[in-house]
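So the structure is just underneath, and the comments pick up after that.
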């Protein structure tokens, strides 16, 4: 049997379902999700293992008109990523008509003339069949306007797992022949430090004001086994800092009497324990890094 392996990149505007679809295809959580735009801040790789192929999915930040240096760098990450993959999957939600933002992205994507392109209409569980048909035609027309001839246009729902397997088949069919790129037990090449930081940020994104998600960054300072614990009951001590941009935002994240931060810690700890397979003690602190999204030195410190 022919074995294929390679990389597929999900691109699109913010909040088009790229991370949710990545997790659905991989079969476990490798990318954090939120209904807030610009949740993804770097290229997240998830590995789909099949008998006939190994598909490495690259979930990228949503391309947008940048207002900060961070926004510029996120857009650069996306463009660097899609230039190096074997197939590009452009995501557009079924319940939002394609607009200038989609056209802006596809104008750039069209320049990658040698890379196969699949249009993925996500969130089809949110629309009726008639609206879905209109969206499929709109996506077809948008491709024609920017000079892209879609290899496929496929509607999917990651929530209901509708046509997710079909999408995997379509992506795999466009990969080159080759051996596995990652060991069978690997679902992502992200480090534990990065995954833990992302899970904390995901928890912190829930329930905050609209302007705050873009101001939140998380750095994990340490992951250490607790000394003196029984071998059958290990405990990891994890220390992390939640950075925000202004002093006024600190009280939002901490909450009255520290209640909000405790909720963040509780939610994050459950996800981290599931990820690492062991009990965790999570120590969170909140610090101000003034205007970090616009400061090159602060961006480097925070890993951007």
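Remark: relative contact order (the chain) = 18 percent; criterion is Cα-Cα distance under 8 angstrom and separation of 6 or more residues. Bridge orientation summary for the stretch 77-186: considering DSSP beta bridges with both residues in this region, about 10 percent are antiparallel. Exposure proxy for 117, 301: other Cβ atoms within 10 Å of each Cβ, ordered fewest to most, give 301, 117.
Taking neighbour counts of Cβ atoms within 10 Å as a proxy for exposure, in what order, fewest first, do 192, 215 appear?
Working: 192 14, 215 20.
Ordered from fewest to most neighbouring Cβ atoms within 10 Å, 192, 215 come out as 192, 215.
Taking the number of other C-beta atoms within 10 Å as the exposure measure, put 60, 113, 266 in order starting with the fewest.
Numbers: 60 26, 113 8, 266 11.
In order of increasing Cβ crowding within 10 Å: 113, 266, 60.
Measure nothing fancy, just the Cα-based angle from helix 192-205's long axis to the longest principal axis of the chain, in degrees from 0 to 90, nearest 10. Helix 192-205 sits roughly 90 degrees off the main axis of the chain.
Along the Cα-to-C-beta direction of residue 52, a point sits 7 Å from the Cα; which residues of the stretch 171-193 have their amide N less than 14 Å from that point? What the label zone holds, given the 14 Å backbone N cut-off, is 171-178.
Over what distance in Å are the Cα centres of the stretch 103-163 and the stretch 276-301 separated? Measuring centre to centre over Cα atoms gives 36 Å. Along its first, second and third principal axes, ordered by size, the stretch 186-304 spans 45, 33, 25 Å in Cα coordinates. Across the stretch 92-198, the mean sequence separation of Cα contacts (distance under 8 Å, 6 or more residues apart), normalised by length, yields a relative contact order of 27 percent. For the chain, the longest principal axis of the alpha carbon atoms and the long axis of helix 69-82 meet at an angle near 50°. Our summary gives the stretch 175-304 a relative contact order of 25 percent, counting only alpha carbon pairs under 8 angstrom and 6 or more residues apart.
Can you give me the angle between helix 129-146 and the longest principal axis of the chain, using Cα atoms only, in degrees from 0 to 90, rounded to the nearest 10? Rounded to the nearest ten degrees, it is 80. Take every DSSP beta bridge whose two residues both sit in the chain; close to 35 percent of them are antiparallel.
Every read-out reported here was derived from the displayed coordinates using simple, explicitly stated rules and does not represent laboratory data. None of these values were measured; they are calculated from a predicted model. Note that we place each Cβ from the backbone using ideal geometry, even for glycine, and neighbour counts take in every protein chain shown.
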